[in-house]
């Protein structure tokens, strides 16, 4: 079991949780039901597991040649990885189907998008942004799980997630600069150089911050305005999570526009 968890980097699942759980709490205008919370967590874990297994299988021979990843294929057999991919994929589809009709319809689309990331390096240098897109599904999916519909607010957060994740992945990809250049892999790091890539990553991260600040300020003003007219205290005013606060502002802006 420990080898399997290392293969899919299970501990890294926590990085996507704030986006999904913060969105879920905001969409519910409070704490979601235990049923929805558990199902969303199950879907997140299974979707990420399936995506990581698919990535490992697609890059099986490539990872063997890369010094940084050469030991991955030794953790479990290829046939075991294939079987676990099928199980996690089916589990995700079943869990999504039990939430609501829209999550059931869109579950295959979500899987297709997160699987698609693993093959993008074969034809584009912008693979980092496709990874961001794969993780950006988390807040949108959580919103749909709670509300049963697609709204503007989670789309805005998803755009921020794309920039945030792509920036970190660009930094991470600098480790494979020599290998990617030697293997002829399409890589933005090889194309632009490490110095330019680090500046691009910085720009992507900085571009997210002002948007979050504006949404946060706008949301507080709208919340105060509603409080003055209704004499009711906003239910979520005590949430400490900045991502939930800024996202709530986006939702408020979308509803009032």
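Worth a mention:
- Rh by Kirkwood over Cα pairs, then Stokes-Einstein D for segment 50-132 at 0.692 mPa s and 37 °C, µm²/s: 234
- One decimal place: the segment residue 83-residue 64 gains 4.8 nm when fully extended, by the rule 0.36 nm per residue minus the C-alpha distance.
- Ordering of 161-170, 36-45 by burial proxy (mean other Cβ atoms within 10 Å per residue, highest first): 161-170, 36-45
- For the pair residue 206 and residue 31, label points projected 7 Å from Cα toward Cβ lie 4.2 nm apart.
- Sorting the segments 96-105, 126-135 by their mean number of nearby beta carbons within 10 angstrom, highest to lowest, gives 126-135, 96-105.
- Model label sites at residue 102 and residue 182, defined 7 Å from Cα along the beta-carbon direction, differ in position by 4.9 nm.
- Label-to-label distance, nm, for residues given as residue 192 and residue 151 (7 Å Cα→Cβ offset): 3.4
Where a number appears in this text, it was derived from the coordinates with a stated rule and is not lab data. Keep in mind that what you see is a predicted model, and the values were worked out from it rather than measured. Methodologically, a virtual Cβ is constructed for each residue, glycine included, from the backbone with ideal geometry; neighbour enumeration extends over all protein chains shown.
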